[in-house]
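Novice: Structure incoming, see below.
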Amino acid sequence: MTDKILFLGCNQAQLEFIRILSQQNFYIVGVDMNHLAPGRSFCDKFYNCGYDDIECLLEIGEEERFNSNDKVFTAAAQFAHLGAAHFAKSVGIKYPSVESIETCLDKTKFYRYFSSMGVPIPKTWFINDKKELQEVLNRNKSGWYWLKSDLSKNPNYTYRFNSQSIPFTKINWKKDRYLKKGYVLQLEHTGADLRINLYGERFNVFDFKTGKLSHKYHERIKDLSIVTTLRKLQESLNLQGWLIKFDVILQDLAYVVLDIGMDPPFRMRLESKRQEIDFEKYYIKHYLLGDVNYPLTLD
């Protein structure tokens with residue numbers, strides 16, 4: 001019997017994933033808001049629907065008679081995981097919870113959660129409007145700051161400034177998909193800007209400055225127990241079966257965590273391409289079979 005898989009997002013960036021799945025024993029139900037999405041040709045059934053249209057996804061689940069033995073997969077933006085989680089819950093497929101994914105998406109939620117778990121973060125204020133922003137900055141006049149909306153996705157609604165150059169006329173306060181309730185204001189930290197990917201019992205580190213895989217900071221990361229702390233955070237969100245990425249500012253004797261993400265790691269995919277490694281094949285095995293078997297050269 002052929003297993004069904006709901007594939008969310010059939011755009012160009014996901015084409016290799018869906019091509020690989022089409023060569024396996026899956027009945028692929030594809031979803032994309034673009035009815036001419038390039039991945040449509042690999043689908044056995046296609047629905048013209050956005051991956052954030054929860055009602056539509058639940059209707060597809062009923063119409064296609066998905067059950068707990070089937071699969072859901074996306075390699076699209078992190079927002080797609082929210083739709084996948086709602087869909088999975090409705091048909092009994094094992095998947096990260098809606099609550100965990102919402103925590104990863106919303107900066108006001110995950111910074112509070114990080115703090116409650118003892119994970120170091122920058123000095124942080126939660127801002128609801130322009131007046132609150134002005135009041136905080138009036139009390140804290142030194143240093144550089146980052147202002148990021150709760151659902152921001154760089155470069156959408158992220159601003160860097162000091163108290164003498166506040167871009168009030170450029171800051172967006174109109175609610176949309178990148179701004180639900182408010183902003184997070186943070187004091188800027190200097191240090192090594194790193195991306196740390198966790199997968200299974202392994203991890204790798206990318207230097208944001210060069211964009212390349214780096215082993216330069218491994219000893220300091222080990223001495224500060226950073227991976228241990230991040231792994232506890234990952235497990236507390238029940239995301240230990242997934243490839244989770246963290247943005248970290250590393251200093252000589254300290255560090256802060258800036259972000260958490262679930263979408264496929266851009267730098268790891270790029271490094272795989274440099275090494276002529278089929279990242280998509282390993283990622284699919286990881287997510288659908290629980291087989292964490294990426295080449296050791298990616299560590």
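Quick note: the coordinates plus some simple rules give every number you see, no bench work behind them. The structure displayed is predicted, hence computed values, not measured ones. Cβ atoms come from the backbone with ideal geometry, glycine included; neighbour counts cover every protein chain shown.
Novice: Counting Lys and Arg as +1 and Asp and Glu as -1, what is the net charge of the other residues whose Cβ lies under 9 Å from the Cβ of Lys181? Intermediate results must be reported in sequence, preceding the final value.
Specialist: On the way: positive: Lys175, Lys180; negative: Asp106, Asp150.
That works out to 0.
Novice: So if we plug the beta-carbon distance of Thr297 and Tyr27 into 1/(1 + (r/R0)^6) with R0 = 35 Å, what FRET efficiency do we get, rounded to 0.05? Intermediate results must be reported in sequence, preceding the final value.
Specialist: On the way: r = 35 Å, r/R0 = 0.99.
It comes out at approximately 0.50.
Novice: Same structure, new question: Multiply the residue separation of Asp44 and Asn67 by 0.36 nm, subtract the distance between their alpha-carbon atoms, and state the gained length in nm to one decimal.
Specialist: Working: separation 23, 0.36 × 23 = 8.28 nm, distance 1.75 nm.
Gain on stretching Asp44 to Asn67: 6.5 nm.
Novice: For the stretch 238-299, what Kirkwood radius comes out of the mean inverse Cα-Cα distance, in Å?
Specialist: Values: mean 1/r = 0.0761 Å⁻¹.
One decimal place: 13.1 Å for the Kirkwood radius.
Novice: As a footprinting exposure proxy, order Met262, Met117, Met33 by other Cβ within 10 Å, with the fewest listed first.
Specialist: Met117, Met33, Met262
Novice: Within the set of other residues whose C-beta is less than 12 Å from the C-beta of Asp70, count the net charge using Lys and Arg as +1 and Asp and Glu as -1.
Specialist: Numbers: positive: Lys4, Arg65, Lys71, Lys94; negative: Asp3, Glu64.
Summing Lys and Arg as +1 and Asp and Glu as -1 gives +2.
Novice: Give me Asp252, Asp70 ranked fewest to most by other Cβ atoms within 10 Å of their Cβ, as a rough exposure proxy.
Specialist: On the way: Asp252 9, Asp70 20.
Ranked by crowding around the Cβ, least crowded first: Asp252, Asp70.
Novice: Considering only DSSP beta bridges with both partners in the chain, what is the antiparallel share in %, to the nearest 5? Show your work: numbers first, answer last.
Specialist: Working: 37 of 51 bridges.
Counting only bridges with both partners in the chain, antiparallel ones make up about 75 percent.
Novice: Report the trypsin sites (Lys or Arg not before Pro) located in the stretch 125-169 that are in a DSSP loop and have at most 16 other Cβ atoms inside 10 Å of their Cβ, or state none. Don't skip to the end; give the middle numbers.
Specialist: Values: sites: Lys130, Lys131, Arg139, Lys141, Lys148, Lys153, Arg160; in loops: Lys141.
Loop-located and lightly packed - Lys141.
Novice: For the stretch 58-71, in order, what is each residue's ³J(HN,Hα) by Karplus, 6.51 cos²θ - 1.76 cosθ + 1.60 with θ = phi - 60°, in whole Hz (x at glycine and Pro)?
Specialist: Using θ = phi - 60°, the values come out as 5, 5, 4, x, 6, 5, 8, 6, 5, 9, 5, 8, 8, 10 Hz.
Novice: Continuing with this model, one more query. Under the 0.36 nm per residue contour assumption, what length would be gained going from the current alpha-carbon distance of Asp176 and Glu59 to full extension?
Specialist: Values: separation 117, 0.36 × 117 = 42.12 nm, distance 2.50 nm.
Full-extension gain reported as 39.6 nm.
Novice: Moving on to the next point. Starting with the fewest neighbours, write out Phe66, Phe46 ranked by other beta-carbon atoms found within 10 Å of each beta-carbon.
Specialist: Working: Phe66 22, Phe46 19.
Ascending Cβ contact count within 10 Å gives the list Phe46, Phe66.
Novice: From the Cα gyration tensor of the stretch 191-298, with a ≥ b ≥ c the square roots of its eigenvalues, which class applies: rounded if a/c is under 1.5, or else prolate if a/b is larger than b/c, or else oblate? Mind dumping the intermediate values first?
Specialist: Values: a/c = 2.00, a/b = 1.30, b/c = 1.54.
Cα axes put the stretch 191-298 in the oblate bin.
Novice: With a sphere of radius 12 Å drawn around the Cβ of Asp53, what net charge do the other residues whose Cβ falls strictly inside it have (Lys, Arg +1; Asp, Glu -1)?
Specialist: On the way: positive: none; negative: Asp32, Asp52, Glu55, Glu59.
Taking every other residue near Asp53 into account, the sum is -4.
Novice: Less than 13 Å from a label point 7 Å out along the Cα-to-Cβ axis of Ser163: which backbone N atoms in the stretch 124-154 qualify, by residue?
Specialist: Those under the cut-off are 134-145.
Novice: Also, quick follow-up: How long are the semi-axes of the equivalent ellipsoid of the stretch 123-187, defined as square roots of 5 times the Cα gyration tensor eigenvalues? Whole Å, largest first.
Specialist: Numbers: eigenvalues 68, 27, 23 Å².
Working through the eigenvalues yields semi-axes of 18, 12, 11 Å.
Novice: Once the piece of chain linking Lys130 and Asp252 is laid out straight, how much longer is it, given 0.36 nm per residue of separation minus the C-alpha distance between them? Display every interim value, and only then the final one.
Specialist: Working: separation 122, 0.36 × 122 = 43.92 nm, distance 3.54 nm.
My answer for the length gained is 40.4 nm.
Novice: Quick check: the distance between the Cα centres of the stretch 130-169 and the stretch 40-54, to the nearest angstrom?
Specialist: 39 Å
Novice: I've got another one for you. Cα atoms only, the stretch 3-95: Rg and Dmax in Å?
Specialist: 11.5, 30
Novice: Using Cα centres only, tell me the gap between the stretch 219-236 and the stretch 64-86 in whole Å.
Specialist: For the stretch 219-236 versus the stretch 64-86, the Cα centre distance is 29 Å.
Novice: Taking a Cβ-Cβ separation under 4.7 Å as the criterion for a possible partner, which cysteines of the chain have none?
Specialist: Unpaired cysteines in the chain: Cys10, Cys43, Cys104.
Novice: Sticking with this structure for a sec: Compute the convex hull volume of the Cα atoms of the chain, divide it by the residue count, and report the result per residue in Å³ as a whole number.
Specialist: Details: hull volume 42.1 nm³, N = 299.
Cα-based convex hull of the chain, divided per residue, equals 141 Å³.
Novice: Would you mind checking Lys153/Lys174; Lys107/Lys285; Lys109/Lys245; Lys148/Lys232; Lys209/Lys281; Lys71/Lys285 for any pair whose Cα atoms are more than 19 angstrom apart?
Specialist: On the way: Lys153/Lys174 16 Å; Lys107/Lys285 30 Å; Lys109/Lys245 17 Å; Lys148/Lys232 25 Å; Lys209/Lys281 28 Å; Lys71/Lys285 12 Å.
Over 19 Å apart, Cα to Cα: Lys107/Lys285; Lys148/Lys232; Lys209/Lys281.
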